[in-house]
Structure formats: C-alpha cells, structure tokens
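First the structure, in the form of structure tokens, and then the observations on it.
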Amino acid sequence: MSLEALIKELNEKHKKEIEALLKEYDQKKEEILKQANEEYNKILSQAQIQSKFVAERELVKRIGAAKLKVKRIMFEATQEMLQKNYQNLIEALKGYVNSEKYDDVLKAMLNYAKNKLGDDILIKCRPEDKAKIENYVKKSIKIEPDLNCLGGIIAIKSDQTAYLDLTFEEILRLNDEKVKSLIMEKT
C-alpha cells in the first residue's frame, strides 16, 4: 500500500468519523432542541396557569373591594336619609304641638299618668302647656312649667318613688328602632 493510498484511506476514515460525529451532533442537537421546546412549553403553560390564577385572585379581590365600597356608600346614604327624615320628624312634632290633636295627646298622657301613679302627682311640662294642663287636671295636682322639650309631660309621684317620662324625646328614644323602621318603609 502506498503512502497516498494510506493517506487517502486515513482521510476517508477521518471523514467517516467526522460524518458520524456530525450525525451524532445533529441527533444530540435535535434531542436538546426537543427537550428545550418541551421545557419551554411546560414553563409557558405553568406561567399561563399562574397568571390566570393571579388574575382571577386579583379580580376576586377587586370585586370584593367594590362590593364593600358599595355597601359603605349605601350605608352612609341610608344613615344620611334617616338623619334627614328624623330631623323632619322633629320639625313636624314642633308644628304638631300647636294643633288641637296635641291637646288630645296631652289629655291622654295625663290620664295615663294618673292611672299609673295615682292622683297625688307632680306634672312637669312646657311653659306653653301649663294653661292647657290646668284645665285637664284637679287643682290639687301640682304643675311645674319648667320642662324644656318638644312636647309631652313628666309625671312624678309626690313621694318621688316613681315617675313617667312621657316627653316626645323620650318616646322617640324608647321607640328608636321602630321609628327608623317606619322611616325606612316610607322612603
């Protein structure tokens, strides 16, 4: 075998080895690219799932905050409406004490007080109501016209063991929930 033939054979052998290495390289490259694509798709899929979860969580949080804000606004508006209507009720009571119907209420309050406490009582009233009350009770009942209220009376047993506060303010206070409920029904 000649030197040229040996070189040629070695070149071909190297060429085949290089081709085999290139083929192996291409196969490994394909495998690595396939694995990289799979890993990329896996990461992308996980990222999409996570971003969807984060977006849904953020949406739920924002919806909850919006609902809470609406409830707060509704509560504040309801409270403001109640306050205005309560003030309107107070103004209506201020006008009511000048009506004939108020005289009937005073009589009913006095009768109620006498039934509960007896005839030996002290009546506290507004100065404007003293003359009316004097017409409805016996002369033996003491009347003190020093009460500062919208209307009504306070009846005190003479031995001071019991009293009845029948002022409009006290009646409203005792029936606060009913009054608010009625206001809500009317609006």
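Derivation of every value follows stated rules applied to the coordinates shown; laboratory data play no part. A quick note: this is a predicted structure, and the numbers were derived from the prediction, not measured. So basically every Cβ, Gly included, is an ideal-geometry build from the backbone, and we count neighbours across all protein chains shown.
Checked against the criterion of being touching a Ser or Thr at 6+ places or on another chain (Cβ under 7 Å), surrounded by 10 or more Cβ atoms within 10 Å (Cβ to Cβ), in a helix (DSSP H, G or I) and not acidic (Asp, Glu), the candidates Met74, Met109, Met81 yield just one match: Met81.
Would you be able to say whether some residue in the stretch 124-132 is more than 21 Å from Gly95 (Cα to Cα) and part of a strand (DSSP E or B)? Reasoning before the result, please.
Looking only at the stretch 124-132, we keep the residues that are more than 21 Å from Gly95 (Cα to Cα), and these are none.
No: zero hits.
Note on the stretch 133-162: among residues that are not in a loop (DSSP other than H, G, I, E, B) and not hydrophobic (A, V, I, L, M, F, W, C), the one that is nearest to Leu117 (Cα to Cα) is Lys157.
Test Asp165 against the stated conditions and say whether it is assigned to a strand (DSSP E or B) and of a type outside the set (A, V, I, L, M). The answer is yes for Asp165. When Gln35, Gln83, Gln48 are checked against the criterion of being out of contact with any Phe, Trp or Tyr (no Cβ under 8 Å at 6 or more places or on another chain), among the polar types (S, T, N, Q) and within 30 Å of Glu177 (Cβ to Cβ), Gln83 stands alone in meeting it.
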